[in-house]
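First up is the structure itself, then whatever we jot down about it.
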Amino acid sequence: MKTTIIDGQKISQEIKLEVANETKSFQDSFLVTPGLAVILVGDDPASSIYVKNKEKAAIASGMAGQTINLPSTVSEKDLLQIIENLNLSKEIHGILVQLPLPTHISEEKIVQKIDPIKDVDGLHPFNSGLLSAGTPRFIPATPAGIRELLLRNDSNPDGKHVAILGRSNIVGRPLANLLSMKSIGGNATVSLCHSRTTNLKKITINADIVIAAIGIPNFVTEDMVKENVVVIDVGINRVKSSMTKRGYRLVGDVEFESVKLKSKAITPVPGGVGPMTIAMLLRNTLQAAKLQCG
Ligand code: GUN
């Protein structure tokens, strides 16, 4: 059996090109440049790279990208004020606060402060509520990217049993809502698994599609999946390595080499889900600008 290695890099480029073209015609019609503000609190090296990539991608698509770097000691009050200013800004249509935040800041309060019409992350309860009601506005970028990868790789989840590993607000929970929606790219039967799931293997081995988003390197092994499975690996874990200059290498939540042999299709890490999240964020930002310009 030939395994398809799903090329997230290539698909994300296609989407970014679509978004860039749409951005151009939106600008020509409305004389407005979609603006994305990304807030980074602290200097976590991985988060810094993600945030830089988001800003770069926004600019490359013809949008205005602005990164706001704040020290890890910033107070919750000051951060709330910065969000308030962005909520009122005419130039900014999308706001994203990179998570996680330092423990002295309530993520819940921060996410709820963002004006829902500018919440391109789709994490505000108003937007997650719309998604769970089956009428989404902004779909969180990683779940949206995963649905796109499945659809563009002949792996429509319609009628399939999908096992999702991880119930985070950013990935697992919205993804379960998205893939079970009554619409294109939905109609799946979803098992949302987590750290308290008993007999996990019993669930994953019966799944047509396994999506791992738990942040544990190489957690999904070949004995946990059935032949011809489609595997989506959301994990980006840094593990120490003397083989690379940086002293670490990136691995996913899936033991790629062995699971690949049983899979019909599988995403690599890096180059799978990661690049898709940026493309979907840009799509949400353009949509936000359109909504705000009536
Ligand atoms: N940290 C990791 N993924 C994400 C994401 O999709 N959105 C935000 N805001 N922070 C993240």
Relative to the first principal axis of the alpha-carbon coordinates of the chain, what is the inclination of helix 76-88, with its axis defined by its Cα atoms, in degrees from 0 to 90 and to the nearest 10? 70
Among K201/K226; K182/K290; K182/K226; K118/K290; K10/K264, the pairs whose Cα-Cα distance exceeds 21 Å are K182/K290; K182/K226
If the only charges are +1 at each Lys and Arg Cβ and -1 at each Asp and Glu Cβ, what is the size of the charge dipole of the chain around the Cα centre, to the nearest 20 debye? 400
Go ahead and estimate [θ] at 222 nm for the chain from helices alone: -39,500 (n - 2.57) per DSSP H run with n ≥ 4, summed, over the residue count, rounded to 500. -12000 deg cm²/dmol
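Please report, largest first and rounded to whole Å, the three semi-axes of the ellipsoid equivalent to the chain, where each semi-axis is the square root of five times an eigenvalue of the C-alpha gyration tensor.
31, 22, 19
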I'd like to know which of L175, I92, L123 lies farthest towards the positive end of the charge dipole of the chain, counting +1 on Cβ of Lys and Arg and -1 on Cβ of Asp and Glu. L175
What's the whole-number percent of alpha carbon pairs in the range 37-109 lying beyond 14 angstrom? 59
For the range 225-283, listing trypsin sites (Lys or Arg not before Pro) in a DSSP loop whose Cβ sees at most 16 other Cβ atoms within 10 Å gives K226, K245, R246
For the range 199-212, Karplus couplings with θ = phi - 60° (6.51, -1.76, 1.60), whole Hz, Gly/Pro x: 6, 3, 4, 4, 7, 5, 6, 9, 8, 7, 10, 10, 10, 9
Using only alpha carbon pairs under 8 Å that are at least six residues apart, calculate the relative contact order of the chain and give it in whole percent. 22
Sorted by chain and number, the residues with a modelled amide H under 5 Å from that of A64, at a separation of 5 or more or across chains, are G35, L36
Full extension between T4 and D223 adds, at 0.36 nm per residue less the Cα distance, a length in nm of 76.9 nm
Loop only per DSSP, at most 14 neighbouring Cβ atoms within 10 Å: give me the GluC sites (Glu not before Pro) in the range 225-294, ordered by residue number. E227
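Readers should treat all values here as calculations from the given coordinates under stated rules, not as data from a laboratory. In this text the structure is predicted, and so the values were computed from the model without any measurement. Note: ideal-geometry Cβ built from the backbone for every residue, glycine included; neighbour counts use all protein chains shown.
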